[in-house]
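The values are calculated or read from the model by the stated rules, or taken from the named source; none is laboratory data. Since this is a predicted model, take the numbers as computed values, not measurements. Cβ placement follows ideal geometry from the backbone for every residue including glycine, while neighbour counts extend to all protein chains displayed. Ligands, DNA and RNA are stripped out before the accessible areas are found, and what is left, the full protein with its side chains, is counted by its heavy atoms. Shrake-Rupley method; radii C 1.70, N 1.55, O 1.52, S 1.80 Å.
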Amino acid sequence: MPKLNAILAVEKGRRTELHTLITSLHKSTQQPSLMTGHHKKFTPRREDGETFPDDSQVVQLTYEAAIKDITGALVSLLDTVATKDWSNCQARADVVVDGKVFLPQVPVTYLLFLEKELHDLQTFIEKMVELDPAERWSYDAGTGLHQSDPVQTQKTKKEQRPIVLYHATEHHPAQTQLITEDVVVGHWTTIKRSGAIPRPRKKALLERITKLGEAVKFARERANSIEATEVAAGRRILDFIFEGTQAEGPVTK
């Protein structure tokens with residue numbers, strides 16, 4: 001009896017083979033020139049009359065030949081997929097995490113689904129924005145956000161004031177000039193808030209996803225290592241379609 005993982009390995013190739021064959025025959029069976037022919041023989045009116053050679057065109061493709069080719073490949077694929085699906089009904093394995101059964105006897109189809117979802121979740125977590133490590137953060141339960149330590153910065157305002165360049169004398173008035181300078185008028189107290197994920201939290205989540213993902217993968221491999229239930233459904237299906245015959249009895253071997 002073949003293993004289920006061996007059936008999975010050949011399924012893709014048989015699908016590709018059938019698709020290529022169907023594509024080719026689908027085009028060919030729509031071309032009248034390939035499926036028609038003739039034979040022309042000339043008979044003169046008199047025995048000594050002019051003669052002409054026979055003219056023939058061979059039929060290159062018949063519908064029976066096309067169906068035979070298709071059914072040959074299709075039977076193989078139908079049986080392969082049937083064997084896989086029948087066996088999948090029996091393929092189960094425990095998901096074991098840290099030496100303990102985390103999920104008992106999980107069907108292989110669910111293991112495949114779970115493996116993909118965990119991969120997508122891992123990507124989702126990996127792409128999350130992290131808290132800026134340059135800041136010191138603390139969690140504020142009231143807002144559900146992280147906030148930084150308060151930082152004070154000065155608020156300045158530009159003001160003009162005159163300065164004396166030359167003092168007044170008996171003969172000349174004083175000379176002054178306006179200059180602009182920054183004057184501190186107060187200060188800002190800034191507290192940054194963030195909903196980004198802390199790096200340790202992200203790391204912990206990714207580690208647990210990885211651990212569970214590996215456990216699911218091992219379980220899938222164990223489930224796929226069971227002996228497959230061979231199923232012969234393809235010939236029965238195609239005989240009914242093309243021959244009109246209906247078989248009886250089990251399809252499993």
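For every residue, the table says whether it meets (1) without any contact (Cβ under 8 Å) to a residue 60 or more places away in the chain; (2) in a helix (DSSP H, G or I).
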{"position": "V96", "(1), (2)": "no, no"}
{"position": "V101", "(1), (2)": "yes, no"}
{"position": "P104", "(1), (2)": "yes, no"}
{"position": "E117", "(1), (2)": "yes, yes"}
{"position": "F124", "(1), (2)": "yes, yes"}
Exercise. Name every residue in the stretch 225-242 that is open to solvent by less than 10 Å² (accessible area, probe 1.4 Å) and under 29 Å from the mean Cα position of the chain (by Cα), in order of residue number.
Key: A228
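Working only within the stretch 98-130, note down all residues that are of a type in the set (A, V, I, L, M) and either touching a Gly at 6+ places or on another chain (Cβ under 8 Å) or not assigned by the TED database to the domain that holds R201 (or both). Let's see the steps before the verdict.
From the stretch 98-130, those of a type in the set (A, V, I, L, M) are 101, 103, 106, 108, 111-112, 114, 118, 121, 125, 128-129; that's our starting set.
Selection gives L118 alone.
Across the stretch 190-217, what is the number of residues that are open to solvent by 90 Å² or more (accessible area, probe 1.4 Å) and of a type outside the set (K, R)?
Taking the stretch 190-217 as the starting set, the residues that turn out to be open to solvent by 90 Å² or more (accessible area, probe 1.4 Å) are 192-193, 199-201, 203, 207-208, 211, 214.
Imposing the further condition that a residue be of a type outside the set (K, R) reduces the set to 200, 207, 214.
Going through the stretch 190-217 one residue at a time, the tally reaches 3.
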Exercise. Given the conditions (1) surrounded by fewer than 17 Cβ atoms within 10 Å (Cβ to Cβ); (2) not in a loop (DSSP other than H, G, I, E, B), report the number of the one that R220 does not fulfil.
Key: (1)
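Out of the stretch 174-215, which residues are free of Cβ contacts under 8 Å to residues at least 24 places away in the same chain and of a type outside the set (A, V, I, L, M)?
Q175, T176, Q177, T180, E181, P200, R201, K203, E207, R208, E214
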Exercise. Residues that are at negative phi and open to solvent by 100 Å² or more (accessible area, probe 1.4 Å): find the strands (runs of 3 or more DSSP E) completely inside the stretch 130-180 holding 3 or more of those.
Key: 151-166
